[in-house]
1. Which count do you get for residues in the stretch 104-126 that are away from the ligand (no atom under 13 Å from the Cβ) and without any contact (Cβ under 8 Å) to a residue 60 or more places away in the chain?
2. Please go through the stretch 72-105 and give me each residue that is under 19 Å from residue 324 (Cβ atoms) and of a type in the set (A, V, I, L, M), ordered by number.
3. When only residues in the stretch 244-263 that are over 28 Å from residue 323 (Cβ atoms) and of a type outside the set (Lys, Arg) count, which is surrounded by the most Cβ atoms within 10 Å (Cβ to Cβ)?
4. Could you check how many residues of the stretch 264-296 are buried (at least 18 other Cβ atoms within 10 Å of the Cβ), in a loop (DSSP other than H, G, I, E, B) and modelled with pLDDT of 95 or more?
5. Please give the number of the condition residue 319 fails out of (1) β-branched (Val, Ile, Thr); (2) in contact (Cβ under 8 Å) with a residue 40 or more places away in the chain; (3) touching an Asp or Glu at 6+ places or on another chain (Cβ under 8 Å).
6. Which residue pairs have Cβ atoms under 7 Å apart, sit 6 or more places apart or on different chains, and have a first residue in the stretch 267-278 that is under 12 Å from residue 255 (Cβ atoms) and polar (S, T, N, Q) and a second that is at pLDDT 95 or above and not in a helix (DSSP H, G or I)?
7. Is it true that residue 287 is touching a Cys at 6+ places or on another chain (Cβ under 6 Å) and β-branched (Val, Ile, Thr)?
8. Of all residues being within 17 Å of residue 188 (Cα to Cα) and part of a helix (DSSP H, G or I) in the stretch 243-256, which is nearest to the ligand (Cβ to nearest atom)? Just the residue, please.
Amino acid sequence: MKKDIASFNWEQMQSEIELLGEKKFRAKQIYEWLHEKGTEQFSEMTNLSRQLQEKLNARYEIRSVDLLQRQVSALDGTNKFLFQLCDGNEVESVLMKYKHGNSVCISSQAGCRMGCRFCASTIDGLERNLTVSEMLGQIYQIQKICGERISHIVVMGTGEPLDNYENLTGFIRMISDEHGLHISQRNITVSTCGIVPGILRLSEEHFQITLALSLHGSTQEKRKKLMPIANKYPLEEVLSACDAYFQKTGRRMTYEYSLIHGVNDTDEDAGELIHLLGKRNCHVNLIPVNPIKERNFKRPSGENAQKFKNKLEKSGINVTIRREMGSDIDGACGQLRRRYAITREG
Ligand code: SAH
């Protein structure tokens, strides 16, 4: 099997090229083609001899992430991309344009096995982990298609990033590396459903990224009903892992809370949430739940969401309501999918 060359980091590329018996500077050239120019064919690496191009081609593959479909939201200009991977799997990514820059939401797995009740991405289960190159590829492609620089990344698309730990951390290192796109780690957010060993391990990586925890319930009992992972890692353990993350990295935690009408949006819920987070230096992001067709969850009225927010704010919690982006193209949180009719028909 050919090796996945675009998943090699800077150091790995040097040793790989050395092993091939090639001069050291070739590693730099190849790395630039792959990670600065986003080249997908060895034959396009014009400063390499034909012979070397062929040698590379015989041993390595450049895993492509091919555009199948692009949708643009009429509401807010958000773009959703459906990409095909080399084995036919499909993943989605979303580009959101903000005043502060272009932000891309990438997928970390094809499918997901976490089973959160309100999320469309988990409905067909997990197919496989994405490689480092496939996570990078989503960003390279979007940058190419749009012709604009991407400055921010959120790993909040399909998949549980901490269920694909090695590739996630490899990706973070490479995308923030000076030899690649050099995106500041402070502009990268990883969202997790709460895999405790992963959070603890991540806290030791010396990253400057933001970690977001999907909380969604203000007590263990309520959280368990929405998120099966809570059976394995109870709320108390998850919160202490998040505290450890803050202590070790100095990066303030974000807690995401999907507001679901009649499920977790009452006054009592707000009170419990204050009890839980009031003493923590953190940011709370409220996400009025985005409806998915397989479930009957409804979002609260704008007024109710605002009331919930005010209550948290009054007790000193730093809180925002997430702006809904791309809801007309199913590009909002929890609406991304692995399977699409367009490819089955086409
Ligand atoms: N697996 C990761 C990241 C993917 S989801 C995680 O669980 O955090 C990104 C965020 O969207 C999570 O907070 C997730 O719980 C939330 N989400 C999922 N489905 C949603 C929906 N239908 N409406 C609103 N938010 C949703």
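1. 2
2. 72, 74, 75, 94, 95, 96, 104
3. 244
4. 2
5. Checking residue 319 against (1) β-branched (Val, Ile, Thr); (2) in contact (Cβ under 8 Å) with a residue 40 or more places away in the chain; (3) touching an Asp or Glu at 6+ places or on another chain (Cβ under 8 Å), the one that fails is (2).
6. Cβ pairs passing all conditions: none.
7. yes
8. Here the residue is 245.
The values are calculated or read from the model by the stated rules, or taken from the named source; none is laboratory data. These figures come from a predicted structure and were not determined experimentally. Glycine also receives a Cβ, built like all others from the backbone with ideal geometry; neighbour counts cover every protein chain displayed.
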